[in-house]
Structures are given as C-alpha cells and as structure tokens.
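**Q** Sharing a structure here in structure tokens format.
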Amino acid sequence: MTDPERLRRRALDALTTARARTTLLTSCVGEGELTAQHSPLMSPLVWDLAHISNQEEQWLLRAVAGREALRPEIDSIYDAFEHPRATRPTLPLLAPAEARVYASDVRGRVLDVLERTALEGGPPLVDAAFAFGMVAQHEQQHDETMLITHQLRRGPAALDAPEPPPGPGTDGLPAEVRVPGGPFTMGTSAEPWALDNERPAHARVVPEFFIDTVPVTNGAYMAFIAEGGYRDERWWAPEGWAQIREHGIGAPLFWRREGGQWLRRRFGVVEAVPEDEPVLHVSWYEADAYARWAGRRLPTEEEWEKAARHDPVSGRSLRYPWGDEDPTPAHANLGQRHLRPAPAGSYPAGRSPLGVRQLIGDVWEWTSSDFLPYPGFVAFPYREYSEVFFGPGHKVLRGGSFAVDAVACRGTFRNWDLPVRRQIFSGFRTARDGARDGGGA
Ligand code: AVJ
Ligand code: FE
C-alpha cells in the first residue's frame with residue numbers, strides 16, 4: 001500500500017465504519033440503560049463510548065498531531081488500568097449526551113488531522129496511517145465488548161440482524177484435516193496495521209498434526225454434557241473443575257434445560273439451541289475438558305495459525321485462509337452483520353488451502369497456548385496494549401467472532417483472555433498429534 005490517498009481513504013472508512021457501529025450500540029437502548037451496570041464483568045455502555053473517544057483523543061490528537069488535551073480531567077476516569085470494570089458505574093462519568101458531544105468533537109478534529117497528516121515515511125506512529133488503523137481497531141474491539149454487554153443485559157431485544165445464509169453444511173466434509181510437518185512463517189512484519197503482539201514474522205517448525213475441519217458444534221457439545229462430561233473430574237484441569245463446582249456450571253453460559261430441550265437466551269430472545277452451529281460462550285476450561293473427553297486436545301496457537309495461513313504449494317503464509325484479499329461477506333461471518341455464528345461448514349470460499357473452514361469469523365477459538373511475545377517483540381506504541389498481559393494467566397484465542405469487524409481480525413491477529421471467561425464470543429475446535437518425528441510431508 002504505497003498510495004497515500006488510498007491510505008487516507010482506508011483510514012477514513014475504518015473510522016467511519018467503527019463509529020456507525022458504536023452509534024448503533026449506544027442508541028438502541030434508553031439513556032438509563034447506557035449508565036446501568038448490566039453485569040459486574042462489564043462497563044456501563046456509556047463508559048465504553050467515552051473511553052473510545054478519550055483513546056482517540058490521546059493517540060490521534062495529542063500523540064500524532066501534538067494538540068493540547070481537550071479534556072485532560074477525564075483521562076483518569078477512562079483509564080482501564082486505574083478502574084476495574086465492576087467499579088466504573090460509581091465514577092463521575094460523562095452523561096450520555098455529554099459523551100456524544102465529546103465523541104463528535106474529537107472525531108471532527110481527527111478527520112481534520114487525517115487530512116493534514118503525511119501518511120508515508122514519517123515516524124512509525126503515522127507511517128502507513130498506523131495510529132488511525134490502531135484507533136479504528138480499538139473502537140471495533142470495544143464494539144465487540146459492548147455487544148457482550150448487550151448479550152448480558154436483561155429485558156426485551158434491542159438489536160436485530162438478518163440470519164446468516166444457510167450454508168452447505170458438513171455432509172461430505174472430512175472431520176479433520178492433516179497439516180504436514182515442517183516450518184511455516186508465523187506472525188507478520190508486513191501487515192501495516194498489525195498490532196505489536198503479531199510482530200515480527202518468524203519461522204516456526206510445527207510437527208504434523210490433525211485439526212477439526214469445522215468448529216465444535218452445539219450438537220457435539222450436547223453429547224459431552226449428556227455423557228456426564230461436567231460430572232467427571234477426569235476431563236478437567238484442576239482449576240476448571242474447581243470453577244464448575246463452585247459456580248454450579250453444567251452447560252455453556254446462557255443455556256438452560258427445559259422440557260428435555262436445550263434453550264438459550266440470545267440478545268433478549270429465547271430459542272432452541274441450534275445443533276449445527278458452533279458452540280459459543282464456553283470457557284477455556286470447558287473447551288479443554290471437551291477436547292480431553294473427545295480423546296483430543298486444543299490446538300496450540302502456532303498450529304492454529306499454520307492451519308489458517310500455510311499454503312503448502314507456495315510455502316507462503318497467507319494474510320487470511322482464503323488468500324491475501326480483504327474479507328468479503330462470502331469469506332467469513334464478521335462485523336456483527338449477523339448476531340450469531342453461521343452453521344458449521346459455512347463459507348466454503350473462506351476455507352484454507354488445506355481445507356479448514358470458518359477459521360476467521362463466527363467464534364473466537366480457544367487455543368492451548370499462553371499469551372506470550374514472539375521472538376523479537378517490541379511493545380508499540382504502548383506497553384498496556386499487549387505486554388502487561390503476557391504470561392501464563394491468559395490464554396490465546398484466534399480467528400475472530402461474528403462480533404468483530406474485519407479491521408480487527410486477520411490470520412495473524414491475537415486475542416487473549418482469562419481461562420474462566422465465558423461471556424465472550426468464544427468457541428473452539430480440537431486437534432491431535434500426527435507423526436512426532438518432525439518430518440513427513
Ligand atoms: C485484546 C480484546 C483483550 O478488550 O481487553 C481494548 C482490547 N485493549 N482496549 C480488551 C483492548 C484496550 C483487549 N482485548
Ligand atoms: Fe480500550
């Protein structure tokens with residue numbers, strides 16, 4: 001991408017798309033619902049709204065353009081590290097109307113900065129419009145967070161979206177795909193808006209393994225429940241066993257059993273759990289236990305990325321499973337176009353060179369890996385995005401959900417969370433070892 005006008009257009013599109021979604025998520029409920037705490041796990045929606053703009057102000061108006069702070073007195077209120085989510089309702093937050101004025105004030109100035117800034121060859125923060133891309137991704141990440149708040153909220157439905165297209169199903173698809181052993185390129189040094197934790201590109205040798213062609217479905221997960229999976233300690237990591245006992249967990253979050261049937265609440269509507277859809281709202285511990293019950297295991301993060309990006313013909317790593325082109329609605333279920341994952345087997349045009357489906361979109365996929373830096377990692381532009389979360393406490397999720405926008409989702413994108421988390425749009429697929437001699441093409 002070398003044409004500065006294309007970069008400017010791309011940055012403008014990404015910021016505008018994010019704002020349309022933010023506006024929808026914060027205008028489809030009454031003002032009282034914006035300031036309410038729907039769950040101690042989440043911020044009030046109005047906190048996200050002003051936090052998005054405060055970050056935008058700090059990075060694009062202050063750091064990029066060197067402008068004076070518009071409202072320095074609110075920085076600390078919207079600092080995610082100063083105030084845990086559960087305490088945010090007690091802060092002197094901007095009221096919804098004030099937050100909207102602040103948001104449009106910041107955005108108006110940002111568009112002016114975008115017009116005037118040379119996007120090529122400058123410092124790393126502005127080169128290739130990085131900071132604008134980072135801010136658009138940040139807003140979209142909070143749009144996913146706000147959608148989680150919407151899912152946790154009680155009361156009548158506030159959101160609506162068309163159903164995903166029916167899809168071809170899984171008949172005739174192999175249950176698993178063999179990924180040949182050998183090196184592949186993990187991470188990226190070329191993707192202009194890749195975040196610090198995705199960098200740099202580096203070689204990894206991954207022995208042969210097998211991975212599920214599609215994510216684990218609700219139907220398959222029901223069998224795990226029916227066969228006593230939640231009552232058999234053998235399948236569980238000790239901390240996972242402790243968590244399900246302490247909280248009486250016996251099914252994915254939002255499920256309930258009624259009249260011999262599994263029902264779930266989804267954005268204010270109760271429906272039968274569709275058996276052909278990827279399972280959603282499971283913790284890492286539940287995914288790990290299911291995999292062990294199935295005689296399998298979770299894929300490592302490097303296995304997941306190799307399955308998604310490795311082209312055995314060229315030996316190259318692709319940007320996405322289907323190639324280097326940006327996602328279209330034919331490739332993947334992204335961007336809150338639909339408010340649920342598509343049935344397993346959908347999006348054949350989005351399959352990887354080896355034939356693995358639905359790696360991008362639908363559900364975030366838990367991997368067995370801890371969130372760790374790649375060799376040569378450099379925190380950029382702030383330690384609090386990735387670096388402070390590195391370590392054994394957080395597990396990596398890959399591939400993005402139906403709730404994340406394409407700008408914040410790609411073959412190299414890394415998400416992470418605590419292994420107990422289940423309100424996120426998380427699912428998984430399983431894997432198993434192939435030949436362990438390191439070779440075998
Ligand atoms: C990368 C999704 C774990 O939401 O905590 C938002 C993204 N970082 N604001 C999060 C993020 C700062 C982050 N995740
Ligand atoms: Fe944030």
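Throughout, read-outs are computed from the coordinates displayed, never taken from laboratory work. This one's a predicted model, so the numbers in the text were calculated from it and none came from an experiment. Virtual Cβ from ideal backbone geometry, glycine too; neighbours counted across all protein chains shown.
**Q** In the range 353-421, which GluC sites (Glu not before Pro) are in a loop and have at most 11 other Cβ atoms within 10 Å, using DSSP for the loop call?
**A** Answer in residue order: Glu384.
**Q** How long is the gain from Glu68 to Asp105 if the chain were fully straight, where each residue apart is worth 0.36 nm and the alpha carbon distance is subtracted?
**A** Residue separation times 0.36 nm, minus the Cα-Cα distance, leaves 11.9 nm.
**Q** To continue, here is another question. Which loop-located GluC sites (Glu not before Pro) does the range 162-262 contain, where loop means any DSSP state but H, G, I, E or B and the Cβ has at most 13 other Cβ atoms within 10 Å?
**A** Of the GluC sites (Glu not before Pro), the ones in loops of the range 162-262 whose Cβ has at most 13 other Cβ atoms within 10 Å are Glu227.
**Q** Can you give me the span-like helices of the chain, meaning DSSP H runs with 15 Å or more of Cα extent along the axis and Kyte-Doolittle mean at or above -1.0?
**A** 4-25, 45-56, 96-116, 130-152
**Q** Sticking with this structure for a sec: Which value at 222 nm does the chain reach when only helices count, each DSSP H run of 4 or more adding -39,500 (n - 2.57), with the total divided by all residues and rounded to the nearest 500 deg cm²/dmol?
**A** Result for the chain: -9000 deg cm²/dmol, rounded to the nearest 500.
**Q** Stokes-Einstein D for the range 91-209 at 37 °C, 0.692 mPa s, Kirkwood Rh over Cα pairs, in µm²/s?
**A** For these conditions, the coefficient is 166 µm²/s.
**Q** For the pair Thr87 and Ala175, how long in nm is the line joining their label points, each one 7 Å along Cα→Cβ?
**A** Placing both labels 7 Å along Cα→Cβ, they lie 5.0 nm apart.
**Q** For the chain, give the share of DSSP beta bridges that are antiparallel, in percent and rounded to the nearest 5; count only bridges with both residues there.
**A** The antiparallel proportion sits near 95 percent.
**Q** Using the Cα centre of the chain as origin and beta-carbon charges of +1 (Lys, Arg) and -1 (Asp, Glu), tell me which of Gly434, Ala80, Val46 is placed farthest towards the positive end of the dipole.
**A** Gly434
**Q** What Kirkwood Rh does the range 4-152 have if only Cα atoms enter the pairwise 1/r average? Answer in Å.
**A** This gives a value of 15.7 Å.
**Q** Then there is this: Distance between the C-alpha centers of the range 343-398 and the range 56-73? Whole Å please.
**A** 31
**Q** Right, here's the next one. Wrap a convex hull around the Cα atoms of the range 163-440, take a quarter of its surface area, and give that in square nanometres.
**A** Computed as one quarter of the Cα hull surface, the answer is 14.8 nm².
**Q** Between His202 and Ala349, how many nm apart are label points set 7 Å from Cα along the C-beta direction?
**A** Rounded to a tenth, the inter-label distance reads 3.6 nm.
**Q** Treat each spin label as a single point 7 Å out from the Cα along the C-beta direction, and report the Phe390 to Arg234 distance in nm.
**A** Placing both labels 7 Å along Cα→Cβ, they lie 3.9 nm apart.
**Q** What FRET efficiency do you get for Leu159 and Asp433 if R0 is 30 Å and r is their Cβ-Cβ distance, rounded to the nearest 0.05?
**A** Result of the calculation: an efficiency of 0.10.
**Q** Let me ask something else about it. Mind telling me which of Ala307, Ala403, Ala431 comes out most flexible in a GNM of the chain, alpha-carbon contacts under 10 Å?
**A** For the chain, modelled as a Gaussian network with Cα springs under 10 Å, the answer is Ala431.
**Q** DSSP loop (so not H, G, I, E, B), at most 11 other Cβ within 10 Å: list which trypsin sites (Lys or Arg not before Pro) in the range 102-155 pass both filters.
**A** In loop regions of the range 102-155 (DSSP not H, G, I, E or B), the sparsely surrounded trypsin sites (Lys or Arg not before Pro) are Arg154.
**Q** Now for a different question. Averaging sequence separations of C-alpha pairs under 8 Å and six or more residues apart, then dividing by the length of the chain, give the relative contact order as a whole percent.
**A** That works out to 19 percent.
**Q** Just for the Cα atoms in the range 300-441, what are the lengths along the principal axes, largest first, rounded to whole Å?
**A** Dimensions of the range 300-441 along the principal axes of its Cα atoms: 43, 38, 28 Å.
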